[in-house]
Amino acid sequence: MAYSDDILALGADHHWKFDGDYLDAIGSADGVNSGTIVSDTAIAEDAANCMTTNGTTDRVTLPTTTTINNSAQSRKAIAGWFTPTALQDPPKRIYGEGDGTQSFAFIMGWGNNLIFEVDDPSFTLQVFSDTHLEPNRVYHVCMIFEGNGFGNELRAYLDGVEQLSDRKSVV
């Protein structure tokens, strides 16, 4: 079964393949490209292209919807593949969504340490990867946030391995 089929079977609210375009394959929250490059070198199975960023202002802006940016959104999973191309200094977001109400991010820290973060006016949760990431290697990342009513925790996975460093629970 292809990755896209697996994602569709989970009942996800949104699915951006970044496989030649910035369209939401499930919903209508299409992204707007600002400086990213679509290449013909795919880094994941079931893809023909990948999206590359090569500057600090490169991004895909996703629209504000209640299923993406909502303070009541207390259960969320975000996953995808990426490849760092060098050692990162200083920290940069490789994925982020939300605003001052609530935000979710994957951040590449100094020395290629991955940080998973949920930021809310009431709390900030961070999980740090247990290993430093190697340049030019493909990684799969997954962050699961289950807030009020769902266990109150943040779990982060790198290549399917749960990252346990500095794991915090929602208070």
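The values are calculated or read from the model by the stated rules, or taken from the named source; none is laboratory data. Fair warning: this is a prediction, and the values are worked out from it, not measured in the lab. Note: ideal-geometry Cβ built from the backbone for every residue, glycine included; neighbour counts use all protein chains shown. Side chains included, ligands, DNA and RNA excluded: accessible areas come from the protein's heavy atoms. Shrake-Rupley method; radii C 1.70, N 1.55, O 1.52, S 1.80 Å.
Summary of values
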| item | result |
| --- | --- |
| Gain on full stretching of the segment that runs from F123 to L164 - 0.36 nm per residue minus C-alpha separation | 12.9 nm |
| Rg ratio (alpha-carbon, reference 2.2 N^0.38 Å) - the chain | 1.00 |
| Tail weight of P(r) past 22 Å, computed on alpha-carbon pairs of region 1-88, percent | 31 |
| Interchain or long-range residues, amide H under 5 Å from A29's placed H | D24 |
| Kirkwood Rh (inverse of mean 1/r, distinct Cα pairs), region 114-168, angstrom | 12.0 |
| Heavy-atom SASA rank of L23, L114 (probe 1.4 Å, accessible area, largest first) | L23, L114 |
| Where K76, K17 fall by accessible area, highest first, once all protein chains stay in place (1.4 Å) | K17, K76 |
| Protein-only accessible surface order, largest first, of S129, S34 at 1.4 Å | S34, S129 |
| Rounded to the nearest 10 Å², the accessible area of Y157 at probe 1.4 Å | 50 |
| Dipole axis of the chain (+1 Lys, Arg; -1 Asp, Glu on Cβ), positive-most option in G20, T83, N152 | N152 |
| CD proxy at 222 nm, helix term only [per DSSP H run n ≥ 4: -39500 (n - 2.57); per residue of the chain; nearest 500] | -1000 deg cm²/dmol |
| Sequence-separation-based contact order of region 45-128, relative, with Cα cut under 8 Å and 6+ spacing, percent | 19 |
| Rounded to the nearest 10 Å², the accessible area of D13 at probe 1.4 Å | 90 |
| Contour minus Cα-Cα distance for A86 and T131 (0.36 nm per residue) | 14.7 nm |
| Relative contact order (%) - the chain, alpha-carbon pairs under 8 angstrom, separation at least six | 15 |
| Potential lengthening between T56 and D21 on full extension [0.36 nm per residue; Cα-Cα distance subtracted] | 10.6 nm |
